[in-house]
Amino acid sequence: MPYDVPKGGLLFAPNRPDVRLIPTDLIGRAYRRAIRRGARILGYGRPQGHERLRAAVASMLASTRGIAATADDVCITRGSQMALALLAQSLLRPGDIVAVEELTYRPAAEVFRMHGAKVVPIALDEHGIKIEAVEELAGKLRALHVTPHHQFPTTVTLSASRRLRLLELARKHKFAIIEEDYDHEFHYDGPPVLPLASADRFGVVAYAGTFSKVLAPALRTGYIVAPRPLLNSVIAHRLYIDVQGDRILEYALAELMEEGEIQRWIRRTRREYKMRRDLLANALRRRLGDALTFSIPAGGIGLWVKAVDGIDIDAWAERAHKRGVVMITAKGFALTGRPRPFARLGFAALNRQELAEAVRRLASSLD
Ligand SMILES: Cc1ncc(COP(=O)(O)O)c(C=O)c1O
């Protein structure tokens, strides 16, 4: 999602990785090896993606996320945005009701709207989406979109009891849960919480993941794991939109996964981002401890900060923009106009010096 950043400005990008760190040589070499396969790789393939990448993704999901998937349960997509679009095409008819978290990744809600759905925001609290609000709507819902691991943008993790109730509600009322796990790998404190999809005994969850945050958005590679009838429909739609993905890149990524290179890369990046999270938290406490409150999220790539009473965070963000630092406040994630004193300070895309400088600029534009 493009943001308006002044020349020389620093952006607390809500959801971007630091693409400057990407192992481009590694990916470049793997791509070259893949394309040299010539006729074995350059022709048409299957719309759901290269078998080897699907197998590598399935094995990664089984070993790290408790999702019992095989290659046949996976459809490769061009990022999670395409995953959402394919799921919307497969699931929705005009007039269907789709519930989304009241603060969310707005392009997700937009996809559902573009497919004719009525999008209804559901309230959030410190345990994630409020189940009573889902329950009230459940009988009318066609789908529910959630980001349970590190809620986007508030970073909260959906509690275990709510997870079970959501699955039960979806079974009872026959709506689909679209679970987006866009930054699963970046969990720093304790083991990651397993996705809803790992506990889906009823076949109600469509799970979407992406390589955009662990590697780079420009690779446009993501995936869906979904119950078979839904997945078949997704694959059919993918065929007619795109025929297939980038088989060469898919092969290259599969090889890097099989060799453990991507996993090694993830471990390194996770250490770096954890340091950035802590550095940002410390700098904010030091310079803006009287202006902002926040808790440190166990994972994810942003802090969700609250301005204390008396500070208009949107006016502050405007002043900060003029001083060369961009923070995206809650209204950038809201579907309703109610002002909220929050912002998401993404820390992954700024290095340590930049984070320190960005906080300095924020502090200098406080009043
Ligand atoms: C919550 C969320 N969903 C989806 C996307 C889209 O990601 P992709 O590049 O995988 O399409 C983003 C990207 O910023 C995101 O933050």
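The values are calculated or read from the model by the stated rules, or taken from the named source; none is laboratory data. None of these values were measured; they are calculated from a predicted model. With ideal geometry, Cβ positions are generated from the backbone for all residues, glycine too; neighbour counts draw on all protein chains shown. Note: accessible area is taken over every heavy atom of the protein model, side chains too, but ligands, DNA and RNA are not part of it. Shrake-Rupley method; radii C 1.70, N 1.55, O 1.52, S 1.80 Å.
Would you check which residues across the range 322-338 are more than 22 Å from residue 146 (Cα to Cα) and open to solvent by 50 Å² or more (accessible area, probe 1.4 Å) and list them? Let's see the steps before the verdict.
Initially, the range 322-338 is screened for residues more than 22 Å from residue 146 (Cα to Cα), giving 322-327.
322, 323 - these are the residues of the range 322-338 that are more than 22 Å from residue 146 (Cα to Cα) and open to solvent by 50 Å² or more (accessible area, probe 1.4 Å).
Give the residue that is nearest to the chain's Cα centre (by Cα), with candidates limited to residues of the range 243-260 that are under 26 Å from residue 84 (Cβ atoms) and open to solvent by 40 Å² or more (accessible area, probe 1.4 Å). It would help to see each step written out before you state the result.
Here is the first cut: in the range 243-260, the ones under 26 Å from residue 84 (Cβ atoms) are 243-254, 256-257.
Still in the list and also open to solvent by 40 Å² or more (accessible area, probe 1.4 Å): 243, 246-247.
Values: 243: 25, 246: 21, 247: 23 Å.
Only one residue fits best here, namely 246.
Give the range 261-283 a look and list any residue that's open to solvent by 20 Å² or more (accessible area, probe 1.4 Å), free of Cβ contacts under 8 Å to residues at least 60 places away in the same chain and of a type outside the set (S, T, N, Q), or say none.
Across the range 261-283, the qualifying residues are 264, 267, 268, 271, 278.
What do you reckon, is residue 200 crowded, with 18+ Cβ neighbours inside 10 Å, assigned by TED's automatic domain parsing to the domain that holds residue 147 and more than 16 Å from the ligand (Cβ to nearest atom)?
On the way: crowded, with 18+ Cβ neighbours inside 10 Å: yes; assigned by TED's automatic domain parsing to the domain that holds residue 147: yes; more than 16 Å from the ligand (Cβ to nearest atom): yes.
Yes; evaluated as a whole, the condition is true for this residue.
Within the range 1-98, considering only helices (runs of 4 or more DSSP H) that don't extend past its boundaries, which have at least 1 residues that are on the phi > 0 side of the Ramachandran plot?
Details: elements: 24-35, 51-65, 79-91.
Answer list for the range 1-98: 79-91.
Evaluate the following for residue 163: is it among the basic types (Lys, Arg), touching an Asp or Glu at 6+ places or on another chain (Cβ under 9 Å) and buried (at least 16 other Cβ atoms within 10 Å of the Cβ)?
Details: among the basic types (Lys, Arg): yes; touching an Asp or Glu at 6+ places or on another chain (Cβ under 9 Å): no; buried (at least 16 other Cβ atoms within 10 Å of the Cβ): yes.
Taking the combined requirement at face value, the residue does not satisfy it.
Within the bounds of the range 210-224, is there any residue that is open to solvent by 10 Å² or more (accessible area, probe 1.4 Å), away from the ligand (no atom under 16 Å from the Cβ) and of a type outside the set (D, E, K, R)?
No, the range 210-224 has no match at all.
Does the range 6-18 contain any residue that is surrounded by fewer than 13 Cβ atoms within 10 Å (Cβ to Cβ) and more than 29 Å from residue 204 (Cβ to Cβ)? I'd like the intermediate steps shown before the answer.
Taking the range 6-18 first, the residues surrounded by fewer than 13 Cβ atoms within 10 Å (Cβ to Cβ) are 7-8.
Next, from what is left, pick out any that are more than 29 Å from residue 204 (Cβ to Cβ): 7-8.
Yes, the range 6-18 contains at least one residue that is surrounded by fewer than 13 Cβ atoms within 10 Å (Cβ to Cβ) and more than 29 Å from residue 204 (Cβ to Cβ).
Please give the number of the condition residue 54 fails out of (1) within 26 Å of the chain's Cα centre (by Cα); (2) of a type in the set (Lys, Arg); (3) surrounded by fewer than 22 Cβ atoms within 10 Å (Cβ to Cβ).
(3)
Condition check ((1) free of Cβ contacts under 8 Å to residues at least 12 places away in the same chain; (2) touching a Leu at 6+ places or on another chain (Cβ under 9 Å)) across all residues:
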site	(1), (2)
53	no, yes
62	yes, no
70	no, no
92	no, no
103	no, yes
114	no, no
121	no, yes
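Take residue 325 and tell me if it is within 25 Å of residue 124 (Cα to Cα) and either in the same structural domain as residue 183 (by TED's automatic domain parsing) or among the β-branched types (Val, Ile, Thr) (or both). Steps first, answer last, please.
Working: within 25 Å of residue 124 (Cα to Cα): no; either in the same structural domain as residue 183 (by TED's automatic domain parsing) or among the β-branched types (Val, Ile, Thr) (or both): yes.
Taking the combined requirement at face value, the residue does not satisfy it.
Taking the criterion of being basic (Lys, Arg) and either within 14 Å of the ligand (Cβ to nearest atom) or not in a loop (DSSP other than H, G, I, E, B) (or both), would at least one residue in the range 102-112 satisfy it? I'd like the intermediate steps shown before the answer.
The first filter runs over the range 102-112 and keeps only residues basic (Lys, Arg), leaving 106.
Add one more test, that the residue is either within 14 Å of the ligand (Cβ to nearest atom) or not in a loop (DSSP other than H, G, I, E, B) (or both), and what stays is 106.
Checked against the condition, which is being basic (Lys, Arg) and either within 14 Å of the ligand (Cβ to nearest atom) or not in a loop (DSSP other than H, G, I, E, B) (or both), the range 102-112 yields at least one hit.
How many of the residues in the range 202-241 are touching a strand residue (DSSP E or B) at 6+ places or on another chain (Cβ under 9 Å) and outside any strand (DSSP E or B)?
Just the residues of the range 202-241 that are touching a strand residue (DSSP E or B) at 6+ places or on another chain (Cβ under 9 Å), to begin with: 204-212, 217, 220-227, 230-231, 234-235, 238.
Checking which are outside any strand (DSSP E or B) leaves us with 204, 211-212, 217, 220-221, 226-227, 230-231, 234-235, 238.
Of the residues in the range 202-241, 13 are touching a strand residue (DSSP E or B) at 6+ places or on another chain (Cβ under 9 Å) and outside any strand (DSSP E or B).
Conditions first: (1) open to solvent by 40 Å² or more (accessible area, probe 1.4 Å); (2) at pLDDT 95 or above; (3) on the phi < 0 side of the Ramachandran plot. Residue 310 passes all but one, so which condition is the exception?
Against the list (1) open to solvent by 40 Å² or more (accessible area, probe 1.4 Å); (2) at pLDDT 95 or above; (3) on the phi < 0 side of the Ramachandran plot, residue 310 comes up short only on (3).
Quick check on the range 57-101: of everything there that is open to solvent by less than 10 Å² (accessible area, probe 1.4 Å) and among the small types (Gly, Ala, Ser), which residue is nearest to the ligand (Cβ to nearest atom)?
In this case the residue turns out to be 79.
Restricting the search to the range 150-200, which residues are closer than 30 Å to residue 263 by Cβ, charged (D, E, K, R) and assigned to a loop (DSSP other than H, G, I, E, B)?
Result: 181, 183, 185, 189, 200.
Output the number of residues of the range 284-301 satisfying the condition of being in a helix (DSSP H, G or I), open to solvent by less than 10 Å² (accessible area, probe 1.4 Å) and farther than 14 Å from residue 346 by Cα. Spell out how you get there, then give the answer.
First, the residues of the range 284-301 that are in a helix (DSSP H, G or I): 284-288.
Adding the requirement that they be open to solvent by less than 10 Å² (accessible area, probe 1.4 Å) leaves 284, 288.
Filter once more, so that each one left must be farther than 14 Å from residue 346 by Cα: 288.
Looking only at that region, the number is 1.
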